[in-house]
Amino acid sequence: MPNLIDLRRRIKSVKNTQQITKAMKTVSTVKFRKAQRGVLEGRPFWHEAPGVLGQISAWAGAGAHPLFAVRAEKRVRVIVFTSDKGLCGAFNSNLISKALEFIQAKAAGAEVKLILIGKKASNFFKKQPFPIEKAYADKTDCLGDADFAELAGRLSRAFTFQETDAVYIVYNEFKSVLAPRITTVRLLPVARDAAAPGFELSAPDWEPAAPALLTALVPRYVEDQLRHVYGESQAAEQAARMMAMDNASKNAGELIGDLVLVLNKIRQAGITKELLEIISAVEAMKE
Amino acid sequence: MSPAIAIHLKVITPHRILCEADAAEVSLPGLDGLIGILPGHRPMVIALGEGTLTYRADGEVEAHEVRGGYAEIRGDQVLVFTEI
């Protein structure tokens, strides 16, 4: 039977852990609210924009803008969005295993280079045989507009100079608080999804003329899409952490309950034993 | 040919849906000046500059400030993607 002092110590330590997980839950709840607002507000935009851009690209023709060119995929870049920090359930591990699957499938027919966002992805893919072009592994929870402009510029350049034939993104889309949805999208080339409906053959008027218009439009779109994906991933991360910490707090609570029960039983047994001793002593003295 | 009665206008920003309405006419700030759109307009893609987007719905004129982005006119639908 465990002794009382050990048990008390154990209960205290579990309580401390619970306090920490509760605090982390509170923090991620606040962060989550903020991230969620951004994502949900942006949803209508991102629901429509890729379709419209695809349509525009179909209208303009693949030669109208360098980023529209659909080529055989010989060199592919894959961007993987994870988090820096753990303690968010299966958020990173699920994503990484899906990403690895995707990358291996692509690597069968093309040369794959990786762009990794988040420490978790960097640590994992360091040990994999795929070349890493760039890894953002520090403070990825506060990447800003400048970072995405830089990344979008780098990708667009690589694509324009035919150093890469396609860019894919693997990320956790914020679907609900309970579970994110792992999503793969193609960032480049910007081309109409073959399954998208509503294609009209009649070419539109362009204002200003197509080249100028596309130059203004397309790079911006690439950058915005990166930013959007990042927002989704952030919201999903905070939601996952919130859930994980909530579960941890609950488990700690249960554990404390069980331990306290054992503790009380032992204490009770001790008291009963002492009482018995006293009573039997008194009985013995009477005789 | 029966002219369409209304244009379905939808203005979306990365932060919210700015407005969604059935308008009789829409005027967009293009890069080189205002562009007016009436129902039955040809398909068109317009890059937007900085200025005021106005539309008339139910006889009332509404205005919104927009900056950058683009608009797509397809059928009787006008989709505007803009900042702010």
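The values are calculated or read from the model by the stated rules, or taken from the named source; none is laboratory data. Quick caveat: nothing in here was measured; it's all calculated off a predicted structure. Here the Cβ positions follow ideal geometry from the backbone for every residue, glycine too, while neighbour counts run over all protein chains shown.
Hey, any hits in region A:50-62 for a residue that's more than 14 Å from chain B (Cβ to nearest Cβ) and either touching a helix residue (DSSP H, G or I) at 6+ places or on another chain (Cβ under 6 Å) or modelled with pLDDT of 90 or more (or both)? Checking region A:50-62: at least one residue is more than 14 Å from chain B (Cβ to nearest Cβ) and either touching a helix residue (DSSP H, G or I) at 6+ places or on another chain (Cβ under 6 Å) or modelled with pLDDT of 90 or more (or both).
Being farther than 30 Å from A:P189 by Cβ, assigned to a helix (DSSP H, G or I), within 41 Å of the chain's Cα centre (by Cα) and assigned by TED's automatic domain parsing to the domain that holds A:F45 is a condition met by no residue of region A:262-279. Quick check on A:K134: is it assigned to a strand (DSSP E or B), under 15 Å from A:I169 (Cβ atoms) and without any contact (Cβ under 8 Å) to a residue 24 or more places away in the chain? In short, yes.
Taken residue by residue, region A:155-165 has at least one member that is loosely packed, with under 15 Cβ neighbours inside 10 Å and among the β-branched types (V, I, T).
Can you tell me which residues in region A:224-246 are under 16 Å from A:I96 (Cβ atoms) and either within 14 Å of chain B (Cβ to nearest Cβ) or among the hydrophobic types (A, V, I, L, M, F, W, C) (or both)?
Listed by number, the residues that qualify are A:A236, A:A240.
Is region A:173-186 home to any residue that is modelled with pLDDT of 90 or more, farther than 18 Å from A:Q238 by Cα and of a type in the set (F, W, Y)? Scanning region A:173-186 turns up no residue that is modelled with pLDDT of 90 or more, farther than 18 Å from A:Q238 by Cα and of a type in the set (F, W, Y).
Does A:F45 qualify as being in a loop (DSSP other than H, G, I, E, B), among the aromatic types (F, W, Y) and in contact with a Lys or Arg (Cβ under 9 Å, 6 or more places away or on another chain)? Before you say what the answer is, go through the steps one by one.
Working: in a loop (DSSP other than H, G, I, E, B): no; among the aromatic types (F, W, Y): yes; in contact with a Lys or Arg (Cβ under 9 Å, 6 or more places away or on another chain): yes.
No.
In region B:56-84, the residue that is farthest from A:L53 (Cα to Cα) out of those that are in contact (Cβ under 8 Å) with a residue 60 or more places away in the chain and more than 9 Å from chain A (Cβ to nearest Cβ) is B:I84.
Quick check: is even one residue across region A:169-187 surrounded by 20 or more Cβ atoms within 10 Å (Cβ to Cβ), part of a helix (DSSP H, G or I) and in contact with a helix residue (DSSP H, G or I) (Cβ under 7 Å, 6 or more places away or on another chain)? No, every residue in region A:169-187 fails to be surrounded by 20 or more Cβ atoms within 10 Å (Cβ to Cβ), part of a helix (DSSP H, G or I) and in contact with a helix residue (DSSP H, G or I) (Cβ under 7 Å, 6 or more places away or on another chain). Note on region A:72-91: residues that are in contact with a helix residue (DSSP H, G or I) (Cβ under 9 Å, 6 or more places away or on another chain) and either part of a loop (DSSP other than H, G, I, E, B) or not assigned by TED's automatic domain parsing to the domain that holds A:E163 (or both) amount to 10. Does region A:122-130 contain any residue that is closer than 25 Å to A:Q36 by Cα, surrounded by 14 or more Cβ atoms within 10 Å (Cβ to Cβ) and touching a residue at least 40 places away in the same chain (Cβ under 8 Å)? There is no residue in region A:122-130 that is closer than 25 Å to A:Q36 by Cα, surrounded by 14 or more Cβ atoms within 10 Å (Cβ to Cβ) and touching a residue at least 40 places away in the same chain (Cβ under 8 Å).
For region A:2-49, name all the residues that are within 14 Å of chain B (Cβ to nearest Cβ), crowded, with 18+ Cβ neighbours inside 10 Å and over 17 Å from A:A235 (Cβ atoms). Selection gives A:A49 alone.
Listed by position, the strands (runs of 3 or more DSSP E) enclosed by chain B include none that has at least 2 residues that are buried (at least 19 other Cβ atoms within 10 Å of the Cβ), under 13 Å from the mean Cα position of the chain (by Cα) and polar (S, T, N, Q).
Filtering A:L67, A:L116 for residues that are under 30 Å from A:L213 (Cα atoms) and outside any loop (DSSP other than H, G, I, E, B) leaves a single hit, A:L67.
From A:A212, A:A152, grab the single residue that is assigned to a helix (DSSP H, G or I), surrounded by fewer than 16 Cβ atoms within 10 Å (Cβ to Cβ) and among the aliphatic types (A, V, I, L, M). Full working, then the answer.
Numbers: A:A152 fails: surrounded by fewer than 16 Cβ atoms within 10 Å (Cβ to Cβ).
Every option except A:A212 fails the conditions.
For region B:21-52, name all the residues that are more than 7 Å from chain A (Cβ to nearest Cβ) and more than 15 Å from B:E65 (Cα to Cα). Show your work before the answer.
First, pick out the residues of region B:21-52 that are more than 7 Å from chain A (Cβ to nearest Cβ): B:21-29, B:33-34, B:36-41, B:48-52.
Correct list: B:A21, B:D22, B:A23, B:A24, B:E25, B:G36, B:I37, B:L38, B:P39, B:G40, B:H41.
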